[in-house]
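One structure is given here, and the rest of the page talks about it.
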Amino acid sequence: MAPGPSGAPDPVWLARFVRPGFADAQPYDASHHDFAWRNRELSRLMSNECPLPPPPTVVAAAVEALGQANLYPNSGWELRDALAAFTGVSSDRVILGNGSTEILDVATRAFVGPGDEAVISVPTYAFFETQVRLYGGRPVLVPMTPDLRFDTEAIVAAVTPDTKLIFLCSPNNPTGNSWTIPEIETVLGAGIPTVVDQAYLECGYSTSFAALVPRHENLIVTRTMSKAFGLAALRIGYGVADPAVVELLLRIRIPFSVSLVAIRAGLAAVRDPAVLDERRGFISSERERVFAGLVDLPGVRPWQSDGNFITIDISETGRASADVVDAARSEGLLLRRVSAHRLTGQYVRVTIGTVAQNDRFLDVFARALGDPGEAAALGVAGGAGGGSGGTPA
Ligand SMILES: *Cc1c(COP(=O)(O)O)cnc(C)c1O
């Protein structure tokens, strides 16, 4: 198994010193990534990466920066300026992070401590809840409506005098749907610092909320170069927020959290919008093609998505998502159950891959669902080391 938190209690000497909230912390579980790295022959359709490697210009910029690896990086002002222009805001409204998860973490630390509440629309990305709990806060989970709409009224109604932060995600992982400007503005009206995670924005054509930031001092949009830009390994994320909020978050973030290699590669990538447009088009057309293939399968309900993934409700097939994920793995495809995202029922999430990977997925998935006997047999064959259990993405 991947090295990581063992779940064992801290030894006595250590327990004396550990801060209360951290003694029984349940961190975000990233073991599915290690599983994929240890099994390189498997197709990674489980963590919403871009299937295409970076273009040569981006690789060349990264290699050039490596030649200056003896120097500390700068604050990344050129990348900050470029991302500000890319998102349509001024540079003082942008903060760089070591992945957007660093911005999510810093925002949580800035606002949420023991006794505080954070309102989270669920199902969603599990990291919001794990960080709130880590810092001693109480997550207040507001379910989407049964027809999978964001429950704007319930979110506003969940706000109490103890609420310090609200988490929304658009396009939402794992449901795939996006917020609208009126819905976001209704939530912003509650006056609470509100994070809108837009990690998947460039994977499709949903609405960017960066343009709302100058009108709403409590809006914090998080963005990333990990998904459509395809630079997940370099860890480049950013936040777009009011200059006073950016100042606050900079006080908390460690200096030099974004490496020079990441800064230079990120800069080369934002300076080539044609590559991004091409990827956006490719991901979107492949997503529609996979969706159409899934709709044809009996008992299978795929959810419309604006991201580079599709979550599929297989409850009506009578099959368990763990068995289907195991069966697909035995045929070389890594898929994801989405049980950690506060979804109950039988769901499987697939990332949009290359044309060949998507073809193979449709074929393998249909067979895995079609014949329980065959799938069970395959599940036994592929059961070792399992990454299919309830691990979040
Ligand atoms: C993948 C993902 C992220 C992670 O982004 P990084 O910029 O790589 O840290 C953030 N939010 C959501 C909803 C994601 O699915």
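For the range 33-81, which residues satisfy the criterion of being over 22 Å from the mean Cα position of the chain (by Cα), of a type in the set (A, V, I, L, M) and open to solvent by 40 Å² or more (accessible area, probe 1.4 Å)?
Val59, Ala60, Val63, Leu66, Ala69, Leu71
Looking at Ser305, Ser257, can you tell me which residue is within 15 Å of the ligand (Cβ to nearest atom), in the same structural domain as Cys169 (by TED's automatic domain parsing) and either in a strand (DSSP E or B) or in contact with a helix residue (DSSP H, G or I) (Cβ under 8 Å, 6 or more places away or on another chain) (or both)?
Ser257
From the list Val119, Val187, which one is buried (at least 23 other Cβ atoms within 10 Å of the Cβ), assigned to a helix (DSSP H, G or I) and either touching a strand residue (DSSP E or B) at 6+ places or on another chain (Cβ under 7 Å) or not assigned by TED's automatic domain parsing to the domain that holds Leu343 (or both)?
Sole residue among the options that is buried (at least 23 other Cβ atoms within 10 Å of the Cβ), assigned to a helix (DSSP H, G or I) and either touching a strand residue (DSSP E or B) at 6+ places or on another chain (Cβ under 7 Å) or not assigned by TED's automatic domain parsing to the domain that holds Leu343 (or both): Val187.
Is it the case that some residue within the range 87-97 is at pLDDT 95 or above, in contact with a strand residue (DSSP E or B) (Cβ under 6 Å, 6 or more places away or on another chain), within 13 Å of the ligand (Cβ to nearest atom) and closer than 16 Å to Leu234 by Cα?
yes
Does the range 5-27 contain any residue that is surrounded by 15 or more Cβ atoms within 10 Å (Cβ to Cβ) and within 16 Å of the ligand (Cβ to nearest atom)?
Checking the range 5-27: not a single residue is surrounded by 15 or more Cβ atoms within 10 Å (Cβ to Cβ) and within 16 Å of the ligand (Cβ to nearest atom).
Kindly provide the set of residues from the range 194-220 that are closer than 14 Å to Ser91 by Cα and either within 16 Å of the ligand (Cβ to nearest atom) or buried (at least 21 other Cβ atoms within 10 Å of the Cβ) (or both), ordered by number. Show your work before the answer.
Step one: list which residues in the range 194-220 are closer than 14 Å to Ser91 by Cα, which gives 210-211, 213-214.
Within the range 194-220, Ala210, Val213 meet the criteria.
If I ask for residues that are in a loop (DSSP other than H, G, I, E, B) and more than 26 Å from Leu45 (Cβ to Cβ), which ones from the range 159-178 would you list? Break it down stepwise before answering.
At the first step, the residues of the range 159-178 found to be in a loop (DSSP other than H, G, I, E, B) are 159-162, 170-178.
Within the range 159-178, Val159, Thr160, Pro161, Asp162 qualify.
Out of Leu83, Leu79, I need the residue that is within 16 Å of the ligand (Cβ to nearest atom), touching a Phe, Trp or Tyr at 6+ places or on another chain (Cβ under 6 Å) and either farther than 27 Å from Arg251 by Cα or part of a helix (DSSP H, G or I) (or both). Which one? Working first, answer last.
On the way: Leu79 fails: touching a Phe, Trp or Tyr at 6+ places or on another chain (Cβ under 6 Å).
The unique qualifying residue is Leu83.
The values are calculated or read from the model by the stated rules, or taken from the named source; none is laboratory data. Keep in mind it's a predicted model, so treat the numbers as computed, not measured. Neighbour counts run over all protein chains shown; Cβ positions are idealised from the backbone, glycine included. Quick note on the areas: whole protein, heavy atoms, side chains included, nothing else; ligands and nucleic acids left out. Shrake-Rupley method; radii C 1.70, N 1.55, O 1.52, S 1.80 Å.
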